[in-house]
Amino acid sequence: MTLIKQIFLHADTETILSIPLSRRQPPDRLIWGYTLEGNFSVNSAYKVALSLASDTTSGSASNTQEQGLFWHTVWNHRIPNKVKTFTWKACQDILPTKVNLRCRQVLEDATCEACGLDPEATDHLLWDCQQPRETWELSGIPFDITGIRYRDFKDLLWYLIFTKHVDRDLLALIVTVAWCMWFNRNKTRLGSPRQPSHEILHKARLILEEFQLAHF
Ligand SMILES: [Zn+2]
(Lines give C-alpha, C1' and ligand atoms only; values in the text may rest on other atoms or scores of the structure.)
Protein backbone atom coordinates (compact mmCIF):
# COMPACT_ATOMS: atom_id res chain seq x y z
CA MET A 1 0.00 0.00 0.00
CA THR A 2 2.86 2.36 0.84
CA LEU A 3 4.50 1.59 -2.51
CA ILE A 4 1.27 2.41 -4.37
CA LYS A 5 1.00 5.71 -2.50
CA GLN A 6 4.59 6.53 -3.38
CA ILE A 7 4.17 5.84 -7.10
CA PHE A 8 0.67 7.09 -7.98
CA LEU A 9 -1.25 10.33 -7.52
CA HIS A 10 -3.77 10.49 -4.71
CA ALA A 11 -6.88 10.03 -6.90
CA ASP A 12 -5.31 7.05 -8.69
CA THR A 13 -4.18 5.52 -5.39
CA GLU A 14 -7.77 5.49 -4.15
CA THR A 15 -9.01 3.87 -7.34
CA ILE A 16 -6.30 1.21 -7.25
CA LEU A 17 -6.83 0.39 -3.57
CA SER A 18 -10.59 0.07 -4.12
CA ILE A 19 -10.06 -2.86 -6.54
CA PRO A 20 -11.03 -6.05 -4.66
CA LEU A 21 -8.25 -8.65 -4.49
CA SER A 22 -8.84 -12.27 -5.41
CA ARG A 23 -9.25 -14.59 -2.41
CA ARG A 24 -7.19 -17.19 -4.25
CA GLN A 25 -4.25 -14.73 -4.27
CA PRO A 26 -2.71 -15.88 -7.59
CA PRO A 27 0.81 -14.62 -8.47
CA ASP A 28 1.04 -11.15 -10.10
CA ARG A 29 1.05 -11.03 -13.88
CA LEU A 30 0.77 -8.44 -16.66
CA ILE A 31 -2.74 -8.04 -18.11
CA TRP A 32 -3.57 -6.61 -21.58
CA GLY A 33 -6.75 -4.64 -20.92
CA TYR A 34 -8.23 -4.91 -24.42
CA THR A 35 -9.05 -8.63 -24.58
CA LEU A 36 -11.35 -10.67 -22.33
CA GLU A 37 -8.58 -13.09 -21.45
CA GLY A 38 -6.06 -10.33 -20.73
CA ASN A 39 -3.62 -11.71 -23.26
CA PHE A 40 -2.03 -9.42 -25.86
CA SER A 41 -2.92 -10.00 -29.52
CA VAL A 42 -1.92 -8.06 -32.63
CA ASN A 43 -5.54 -8.02 -33.75
CA SER A 44 -6.70 -6.26 -30.57
CA ALA A 45 -3.77 -3.79 -30.73
CA TYR A 46 -4.77 -2.97 -34.32
CA LYS A 47 -8.34 -2.18 -33.18
CA VAL A 48 -7.02 0.05 -30.39
CA ALA A 49 -4.77 1.89 -32.88
CA LEU A 50 -7.71 2.41 -35.26
CA SER A 51 -9.93 3.84 -32.51
CA LEU A 52 -7.15 6.19 -31.38
CA ALA A 53 -6.63 7.33 -34.98
CA SER A 54 -10.34 8.03 -35.49
CA ASP A 55 -10.43 10.02 -32.22
CA THR A 56 -7.52 12.12 -33.47
CA THR A 57 -9.15 12.73 -36.85
CA SER A 58 -12.52 13.76 -35.48
CA GLY A 59 -10.83 16.22 -33.15
CA SER A 60 -8.95 18.10 -35.82
CA ALA A 61 -11.70 20.15 -37.43
CA SER A 62 -9.36 22.95 -38.42
CA ASN A 63 -7.15 20.47 -40.21
CA THR A 64 -10.16 19.18 -42.16
CA GLN A 65 -11.11 22.75 -43.03
CA GLU A 66 -7.60 23.45 -44.28
CA GLN A 67 -7.70 20.29 -46.37
CA GLY A 68 -10.98 21.48 -47.89
CA LEU A 69 -9.61 24.94 -48.55
CA PHE A 70 -6.48 23.45 -50.07
CA TRP A 71 -8.38 21.34 -52.61
CA HIS A 72 -10.87 24.14 -53.27
CA THR A 73 -7.94 26.44 -54.11
CA VAL A 74 -6.32 23.84 -56.35
CA TRP A 75 -9.54 22.90 -58.19
CA ASN A 76 -10.63 26.48 -58.75
CA HIS A 77 -7.54 27.44 -60.65
CA ARG A 78 -8.09 28.89 -64.07
CA ILE A 79 -5.98 26.18 -65.67
CA PRO A 80 -6.60 23.45 -68.27
CA ASN A 81 -7.98 20.15 -67.01
CA LYS A 82 -4.81 18.31 -67.99
CA VAL A 83 -2.89 20.55 -65.57
CA LYS A 84 -5.49 19.97 -62.85
CA THR A 85 -5.25 16.22 -63.29
CA PHE A 86 -1.47 16.41 -63.22
CA THR A 87 -1.58 18.53 -60.03
CA TRP A 88 -3.88 16.06 -58.33
CA LYS A 89 -1.68 13.11 -59.30
CA ALA A 90 1.49 14.92 -58.22
CA CYS A 91 -0.12 15.77 -54.87
CA GLN A 92 -1.07 12.11 -54.38
CA ASP A 93 2.41 11.10 -55.54
CA ILE A 94 0.99 8.75 -58.15
CA LEU A 95 2.70 10.15 -61.26
CA PRO A 96 4.50 7.33 -63.10
CA THR A 97 7.94 8.58 -62.09
CA LYS A 98 10.76 6.05 -62.21
CA VAL A 99 10.67 5.66 -58.43
CA ASN A 100 6.93 4.91 -58.49
CA LEU A 101 7.40 2.50 -61.41
CA ARG A 102 10.16 0.74 -59.49
CA CYS A 103 7.78 0.41 -56.50
CA ARG A 104 5.34 -1.32 -58.84
CA GLN A 105 8.21 -3.51 -60.11
CA VAL A 106 7.81 -2.15 -63.64
CA LEU A 107 11.52 -1.26 -63.83
CA GLU A 108 14.62 -1.82 -61.72
CA ASP A 109 16.74 1.28 -62.21
CA ALA A 110 15.06 4.48 -61.00
CA THR A 111 17.99 6.81 -61.67
CA CYS A 112 17.03 10.22 -63.07
CA GLU A 113 18.00 10.42 -66.74
CA ALA A 114 18.54 14.17 -66.63
CA CYS A 115 21.31 14.19 -64.02
CA GLY A 116 22.19 10.50 -63.63
CA LEU A 117 22.70 11.08 -59.92
CA ASP A 118 19.56 10.60 -57.86
CA PRO A 119 16.39 8.51 -58.03
CA GLU A 120 13.70 10.13 -60.13
CA ALA A 121 10.99 10.75 -57.53
CA THR A 122 8.34 13.49 -57.87
CA ASP A 123 10.24 15.95 -55.69
CA HIS A 124 13.46 15.34 -57.59
CA LEU A 125 11.73 15.74 -60.92
CA LEU A 126 9.87 18.94 -60.06
CA TRP A 127 12.32 20.89 -57.91
CA ASP A 128 15.37 18.94 -56.69
CA CYS A 129 17.08 18.07 -59.97
CA GLN A 130 19.40 20.62 -61.55
CA GLN A 131 17.14 21.73 -64.39
CA PRO A 132 13.99 22.33 -62.35
CA ARG A 133 16.10 24.33 -59.91
CA GLU A 134 17.32 26.47 -62.82
CA THR A 135 13.80 26.83 -64.17
CA TRP A 136 12.38 28.01 -60.85
CA GLU A 137 15.25 30.43 -60.35
CA LEU A 138 14.79 31.83 -63.84
CA SER A 139 11.02 32.15 -63.31
CA GLY A 140 11.55 34.79 -60.63
CA ILE A 141 8.70 33.23 -58.66
CA PRO A 142 9.30 34.46 -55.13
CA PHE A 143 9.53 31.27 -53.14
CA ASP A 144 12.57 29.58 -51.75
CA ILE A 145 12.77 26.28 -53.56
CA THR A 146 16.17 25.39 -52.12
CA GLY A 147 15.95 26.53 -48.50
CA ILE A 148 13.07 24.36 -47.34
CA ARG A 149 12.64 20.62 -47.48
CA TYR A 150 9.23 19.72 -48.92
CA ARG A 151 7.99 16.18 -48.34
CA ASP A 152 6.01 16.10 -51.58
CA PHE A 153 4.28 18.30 -54.14
CA LYS A 154 1.24 18.75 -51.91
CA ASP A 155 3.52 19.92 -49.12
CA LEU A 156 5.05 22.47 -51.49
CA LEU A 157 1.66 23.80 -52.65
CA TRP A 158 0.40 23.80 -49.07
CA TYR A 159 3.37 25.96 -48.09
CA LEU A 160 2.71 28.36 -50.96
CA ILE A 161 -1.02 28.65 -50.22
CA PHE A 162 -1.03 28.87 -46.43
CA THR A 163 2.40 30.26 -45.56
CA LYS A 164 3.38 32.40 -48.52
CA HIS A 165 -0.23 33.28 -49.43
CA VAL A 166 0.60 33.37 -53.13
CA ASP A 167 -2.23 34.68 -55.29
CA ARG A 168 -4.30 32.53 -57.64
CA ASP A 169 -2.56 33.65 -60.83
CA LEU A 170 0.87 32.84 -59.45
CA LEU A 171 -0.30 29.49 -58.16
CA ALA A 172 -1.76 28.74 -61.60
CA LEU A 173 1.59 29.58 -63.17
CA ILE A 174 3.49 27.38 -60.71
CA VAL A 175 1.41 24.26 -61.35
CA THR A 176 1.49 24.90 -65.11
CA VAL A 177 5.28 25.22 -65.06
CA ALA A 178 5.40 21.93 -63.13
CA TRP A 179 3.14 20.34 -65.76
CA CYS A 180 5.45 21.60 -68.53
CA MET A 181 8.42 20.03 -66.73
CA TRP A 182 6.57 16.72 -66.58
CA PHE A 183 5.52 17.01 -70.26
CA ASN A 184 9.09 17.81 -71.26
CA ARG A 185 10.38 14.85 -69.27
CA ASN A 186 7.94 12.51 -71.05
CA LYS A 187 8.84 13.86 -74.51
CA THR A 188 12.53 13.47 -73.72
CA ARG A 189 11.99 9.84 -72.80
CA LEU A 190 10.45 9.35 -76.26
CA GLY A 191 13.52 10.82 -77.95
CA SER A 192 12.80 14.56 -78.20
CA PRO A 193 15.52 17.02 -77.15
CA ARG A 194 15.28 18.39 -73.61
CA GLN A 195 13.70 21.87 -73.55
CA PRO A 196 15.78 24.58 -71.89
CA SER A 197 14.32 26.37 -68.87
CA HIS A 198 13.33 29.55 -70.70
CA GLU A 199 11.29 27.52 -73.21
CA ILE A 200 9.49 25.67 -70.41
CA LEU A 201 8.57 28.98 -68.79
CA HIS A 202 7.50 30.49 -72.10
CA LYS A 203 5.32 27.48 -72.86
CA ALA A 204 3.68 27.60 -69.40
CA ARG A 205 2.79 31.27 -69.80
CA LEU A 206 1.45 30.64 -73.30
CA ILE A 207 -0.76 27.77 -72.12
CA LEU A 208 -2.25 29.94 -69.40
CA GLU A 209 -2.80 32.93 -71.67
CA GLU A 210 -4.50 30.85 -74.34
CA PHE A 211 -6.67 29.03 -71.82
CA GLN A 212 -7.74 32.20 -70.05
CA LEU A 213 -8.47 34.01 -73.33
CA ALA A 214 -10.63 31.09 -74.46
CA HIS A 215 -12.57 30.77 -71.18
CA PHE A 216 -13.07 34.32 -69.90
ZN1 LIG B 1 17.98 14.46 -61.77
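The values are calculated or read from the model by the stated rules, or taken from the named source; none is laboratory data. Nothing here was measured: the structure is a model prediction, and the numbers come from that model. Virtual Cβ from ideal backbone geometry, glycine too; neighbours counted across all protein chains shown.
Against the conditions (1) in a helix (DSSP H, G or I); (2) away from the ligand (no atom under 16 Å from the Cβ); (3) at pLDDT 90 or above, Ile94 satisfies every one except (1). Put simply, of Val99, Val83 the only residue that is β-branched (Val, Ile, Thr), within 16 Å of the ligand (Cβ to nearest atom) and not in a loop (DSSP other than H, G, I, E, B) is Val99. Counting only residues that are touching a residue at least 60 places away in the same chain (Cβ under 8 Å) and within 26 Å of the chain's Cα centre (by Cα), segment 177-207 holds 6 of them. Residue count for segment 162-185 under the criterion of being more than 21 Å from His124 (Cα to Cα) and either modelled with pLDDT of 95 or more or among the hydrophobic types (A, V, I, L, M, F, W, C) (or both): the result is 3. Taken over segment 118-132, the residue count meeting the criterion of being assigned to a helix (DSSP H, G or I) and within 10 Å of the ligand (Cβ to nearest atom) is 6.
Considering segment 134-155, the residues that are of a type in the set (A, V, I, L, M, F, W, C) and at pLDDT below 85 include one that is farthest from Val74 (Cα to Cα), namely Ile148.
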